[in-house]
Protein chains: 2
Amino acid sequence: MKKKTVVVQGLGFVGAAMALVVASTRDDLYDVIGVDLPSKAAVIGKLNAGEFPVRSSDPKISECFETARKRNNFRATSDQGVYALADVVVVDINLDVRKGVRDEHLDTNYSVTLDPFREAIRSIASVCKQDVLVLVESTVPPGTCKKLVQPVFEEAFRNRNLPFDFKIGHSYERVMPGPGYIDSIRNFYRVYAGIDDKSADAVEAFLKTIISTYEFPLTRLGNTTASEMAKVLENSFRAMNIAFIQEWTEFAEAADVNLFEVIDAIRMRPTHKNIMKPGLGVGGYCLTKDPLLASWSSQHFFGAKKLPQSERAVAINDAMPGHTLGLILQHFREGIAGKKILILGISYLPDVGDTRSTPVEPVFAALQDSKTRLILHDPYVPYWEEQRAKTCSDEEALAGDYDAVILGAAHKSYFQDGLLENILGNNKPLAVFDPHGAIPDAIRAGYPQHAFKITGRGDV
Amino acid sequence: MKKKTVVVQGLGFVGAAMALVVASTRDDLYDVIGVDLPSKAAVIGKLNAGEFPVRSSDPKISECFETARKRNNFRATSDQGVYALADVVVVDINLDVRKGVRDEHLDTNYSVTLDPFREAIRSIASVCKQDVLVLVESTVPPGTCKKLVQPVFEEAFRNRNLPFDFKIGHSYERVMPGPGYIDSIRNFYRVYAGIDDKSADAVEAFLKTIISTYEFPLTRLGNTTASEMAKVLENSFRAMNIAFIQEWTEFAEAADVNLFEVIDAIRMRPTHKNIMKPGLGVGGYCLTKDPLLASWSSQHFFGAKKLPQSERAVAINDAMPGHTLGLILQHFREGIAGKKILILGISYLPDVGDTRSTPVEPVFAALQDSKTRLILHDPYVPYWEEQRAKTCSDEEALAGDYDAVILGAAHKSYFQDGLLENILGNNKPLAVFDPHGAIPDAIRAGYPQHAFKITGRGDV
């Protein structure tokens, strides 16, 4: 049986991993071609050299590469012509939201530009096989498959004098960076839908070859808008619950309450397990924009109302690092210029090296503007690309004489390898800002308690 | 050993049940006196006659009465002098929020009056034993024990020339109406705190005799404000998550999406289990006001900011029944006056007869103003006190010729005893409004699908 050809459009954080997963399915079913723009030549080059373009600690990535190398079934290219070869095109490109300045009411100005996404879909529709399956995995404004992808295909197929035999579906990934990167594609529940039954059946058949659907059954929804909505609702739920806790964080600080112990007590109730804890802020590519995609869709695709709570959640979360920054500035109210401050952890999640929209960024930028002497440390991020800043080694981190330490990301290693304890031991007295409430009691016990400023803890 | 005397202040929904639970602990430890105001003579009379003042299907209530009758250790009174007998006073009185009119920005005008609560505490402090334990179970603005109860006791004890040997604690109940009423006190996790260690120890010792703390361990928090905050945060979390889904309900309707299936798919993720579903609105005594108590406390006890998201959640939930009402008025846009409409279920929760702040109320009131002919049915509510309205029997419900049926409360019995099916069968065609998405597919299958208007389902 001839192998089918799967083209993955977009070789970013999701697409690169998805391409490898498709190339290394248990049975040798697919030839896989990853496509990205000529501007991404470096990524394409890396993938063709067997090197993953995203830093990851997941050992399964090299297993996938090894499988693909043996099968000789994976390559990356910037040649858009390969869509003509595809039986299946998996769309993993970004659809970005551009944010403007927040006004005093915390309303977020933002815009969604569909043009690059539409162009990418057109590049498929203009050359693809008549019966291609297009599986959109991108997070898009709900309604995109029906109101954008399908019309683009219909127009292109009319121009090409082809019958409308294409199939279009949507299924969203729940990829998480970190050590379970590949498994977050292979071994997780998937939601999907098609623009018609034929499309939905084709998506189902394809996903069954990629994902462990026996342990993680697929969920088919009634239409593609529902699948698109599920993705942005998941992330909006999360974003909104984080935003909600921010006002309680400030309340707890004013009322001398340890909000962490309060929330631990509340989580005893199964109906309240998902209540969030205080933190520095929200980062990554999803929670910071998906609620806006939803609100945009409601207004511009369906002529309905905006989603004020969802929009507001993004604005509150974007402003959240300002709260910890305020605690820092308050501590150094006699003057912060010239103070030497160590930031431990710059990624937006613990235990991974992902700095996309990290909430450490606004803190870093403000402290830099205030002429502090900043030292950065992150075992997962040797170089912080967005800020063009190098992080230091453990030895360098230990050598400093600091006025303050900020726990930017609560990497477990900080509490396990003795680094934090040694820094604290070498620097008495200094102020320790822990917006995650993550530093274990055992480490704090050996140090003056008033040194610790923990967000959401008015009691310390 | 002489039995200790426990006085329960307030014999409402919580206090009446708490008094019975304390009187019927496994070991015969306590004499229990329930106290309420002279205006509650009817409740007091009922309790003394062995009759529970709140309608409930829980068989354990009569078991408790039977135990107390055998022990002869329970009585109710309006005599405030009995506080002088108490070793423990459990405070279970209400602390109400008065709501004003919502303005166009959905800001809720509200006021919290502490005076009645302060008076009630004073009535204890002015006569109590020197070493009394006062256990506040009322939901109060966080800070109340430290900023109100303790000062009232200190003032009274100064006037009485007594040393400050009183103990004050806070522990909140999580009482739920329905068949597990008594167990929701006895068999559930409790959070507590004291104004000092001695008070916290006394609360702990008392609760251990009342609650099954082996299966449901107690959680001690750092101070009473934390315990008070935990209660209002629990309910604010819930209120806010219900409010959040309302904007998605409207989005789903506009976008032809079945939000129920979307949410079922999202709930597959453990981190998203607590996402709520569409509904008619929010009722009961807690979620409708507790977020306001929190915001009031932040501003007036601690001079900090209001909690805008929590306040907004109450306003959105209060307005929520207007959405289903809108669907009804939209359906009868040719004129609704004179239409005969059956409301099935008027309580605020399924399977219980609790009409406090039920979201059915604003729908009922608006339809009454619109001169519809309304028939009410609820197997758990023979008489709707707040609206002074009688509900009809099954036979009467079946006999009507209706233009519409509104499922006000999704009591399971409606789907099990054939009543709903028979009403649908007797009345073709009619419109069925199901704001809970609760009517099973099996019942809907036998009936024209366009008859059903399901909140949050644009796809029907």
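The values are calculated or read from the model by the stated rules, or taken from the named source; none is laboratory data. Since the structure is predicted, the reported quantities are computational estimates derived from the model, not experimental observations. Note: ideal-geometry Cβ built from the backbone for every residue, glycine included; neighbour counts use all protein chains shown.
From A:Arg26, A:Arg55, A:Arg71, which residue is without any contact (Cβ under 8 Å) to a residue 12 or more places away in the chain and on the phi < 0 side of the Ramachandran plot? Even if it seems obvious, please write down each step before you answer.
Values: A:Arg55 fails: without any contact (Cβ under 8 Å) to a residue 12 or more places away in the chain; A:Arg71 fails: without any contact (Cβ under 8 Å) to a residue 12 or more places away in the chain.
Among A:Arg26, A:Arg55, A:Arg71, only A:Arg26 is without any contact (Cβ under 8 Å) to a residue 12 or more places away in the chain and on the phi < 0 side of the Ramachandran plot.
Applying the selection to the stretch A:219-253, what residues are assigned to a helix (DSSP H, G or I), more than 7 Å from every other protein chain (Cβ to nearest Cβ) and of a type outside the set (A, V, I, L, M, F, W, C)?
A:Thr224, A:Ser227, A:Glu228, A:Lys231, A:Asn235, A:Ser236, A:Arg238, A:Asn241, A:Gln246, A:Thr249, A:Glu253
Only one of these conditions is not met by B:Ala205: (1) more than 10 Å from every other protein chain (Cβ to nearest Cβ); (2) in contact with a Ser or Thr (Cβ under 9 Å, 6 or more places away or on another chain). Which number is it?
(2)
Hey, among the residues in the stretch A:14-56 that are of a type outside the set (Gly, Ala, Ser) and in a strand (DSSP E or B), which one's surrounded by the fewest Cβ atoms within 10 Å (Cβ to Cβ)?
Pass one, the stretch A:14-56, residues of a type outside the set (Gly, Ala, Ser): A:14, A:18, A:20-22, A:25-33, A:35-38, A:40, A:43-44, A:46-48, A:51-55.
Imposing the further condition that a residue be in a strand (DSSP E or B) reduces the set to A:30-33, A:35.
Working: A:Tyr30: 23, A:Asp31: 21, A:Val32: 27, A:Ile33: 23, A:Val35: 29.
Among those that are of a type outside the set (Gly, Ala, Ser) and in a strand (DSSP E or B), it is A:Asp31.
Which one is nearest to the other protein chains (Cβ to nearest Cβ) among residues in the stretch A:302-319 that are over 17 Å from B:Ile245 (Cβ atoms) and buried (at least 19 other Cβ atoms within 10 Å of the Cβ)?
Within the stretch A:302-319, the subset over 17 Å from B:Ile245 (Cβ atoms) is A:302-303, A:314-319.
Next cut, buried (at least 19 other Cβ atoms within 10 Å of the Cβ) only: A:302, A:314-318.
On the way: A:Phe302: 4, A:Val314: 13, A:Ala315: 11, A:Ile316: 8, A:Asn317: 12, A:Asp318: 15 Å.
If we take residues in the stretch A:302-319 being over 17 Å from B:Ile245 (Cβ atoms) and buried (at least 19 other Cβ atoms within 10 Å of the Cβ), then A:Phe302 is nearest to the other protein chains (Cβ to nearest Cβ).
Among the candidates A:Gly345, A:Gly326, A:Gly335, A:Gly322, which residue alone is crowded, with 17+ Cβ neighbours inside 10 Å and of a type in the set (Gly, Ala, Ser)? Lay out the reasoning, then the answer.
Working: A:Gly326 fails: crowded, with 17+ Cβ neighbours inside 10 Å; A:Gly335 fails: crowded, with 17+ Cβ neighbours inside 10 Å; A:Gly322 fails: crowded, with 17+ Cβ neighbours inside 10 Å.
Result of the check over A:Gly345, A:Gly326, A:Gly335, A:Gly322: A:Gly345.
Between residues in the stretch B:176-196 that are free of Cβ contacts under 8 Å to residues at least 24 places away in the same chain and residues that are β-branched (Val, Ile, Thr) and in a loop (DSSP other than H, G, I, E, B), which pairs lie under 6 Å by C-beta distance while being six or more apart or on different chains?
That search, which allows pairs on different chains as well, returns B:Ser184/B:Val175.
Tell me, which residue of the stretch A:402-416 that is in contact with a helix residue (DSSP H, G or I) (Cβ under 8 Å, 6 or more places away or on another chain) and not in a helix (DSSP H, G or I) is farthest from A:Leu367 (Cα to Cα)? Talk me through it step by step, then tell me what you get.
Filtering the stretch A:402-416 for residues in contact with a helix residue (DSSP H, G or I) (Cβ under 8 Å, 6 or more places away or on another chain) gives A:402, A:404-409, A:413-415.
In the following step, the residues that additionally are not in a helix (DSSP H, G or I) were identified as A:402, A:404-409.
Numbers: A:Tyr402: 14, A:Ala404: 12, A:Val405: 13, A:Ile406: 11, A:Leu407: 14, A:Gly408: 13, A:Ala409: 17 Å.
This residue is A:Ala409.
Among A:Asp201, A:Asp183, A:Asp290, which is the only one that is of a type outside the set (A, V, I, L, M, F, W, C) and within 30 Å of A:Phe364 (Cα to Cα)?
Working: A:Asp201 fails: within 30 Å of A:Phe364 (Cα to Cα); A:Asp183 fails: within 30 Å of A:Phe364 (Cα to Cα).
Answer to the selection: A:Asp290.
When you go through B:Gly194, B:Gly143 one by one, which is the residue that is more than 14 Å from every other protein chain (Cβ to nearest Cβ) and buried (at least 18 other Cβ atoms within 10 Å of the Cβ)?
Details: B:Gly143 fails: more than 14 Å from every other protein chain (Cβ to nearest Cβ).
Criteria check complete, one pass: B:Gly194.
For (1) buried (at least 20 other Cβ atoms within 10 Å of the Cβ); (2) of a type outside the set (Gly, Ala, Ser); (3) modelled with pLDDT of 95 or more, each residue gets a yes or a no:
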position	(1), (2), (3)
B:Gln368	no, yes, yes
B:Ile375	no, yes, yes
B:Leu398	no, yes, no
B:Asp441	no, yes, no
B:Arg444	no, yes, no
B:Gly458	yes, no, no
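Could you list, ordered by first residue, the pairs with Cβ atoms under 6 Å in which the first is in the stretch A:408-429 and in contact (Cβ under 8 Å) with a residue 12 or more places away in the chain and the second is among the hydroxyl-bearing types (Ser, Thr, Tyr), at least 6 apart or interchain?
A:Ala409/A:Ser347; A:Leu420/A:Tyr414; A:Leu424/A:Tyr447; A:Asn427/A:Tyr402
Which residue out of A:Ile263, A:Ile275 is facing another protein chain (nearest Cβ under 7 Å), of a type in the set (Val, Ile, Thr) and without any contact (Cβ under 8 Å) to a residue 40 or more places away in the chain? Step through it out loud before you land on a result.
On the way: A:Ile263 fails: facing another protein chain (nearest Cβ under 7 Å).
Just a single option satisfies the conditions, and that option is A:Ile275.
Give just the number: which of (1) under 25 Å from the mean Cα position of the chain (by Cα); (2) assigned to a loop (DSSP other than H, G, I, E, B); (3) in contact (Cβ under 8 Å) with a residue 60 or more places away in the chain does B:Asp256 not satisfy?
Checking B:Asp256 against (1) under 25 Å from the mean Cα position of the chain (by Cα); (2) assigned to a loop (DSSP other than H, G, I, E, B); (3) in contact (Cβ under 8 Å) with a residue 60 or more places away in the chain, the one that fails is (1).
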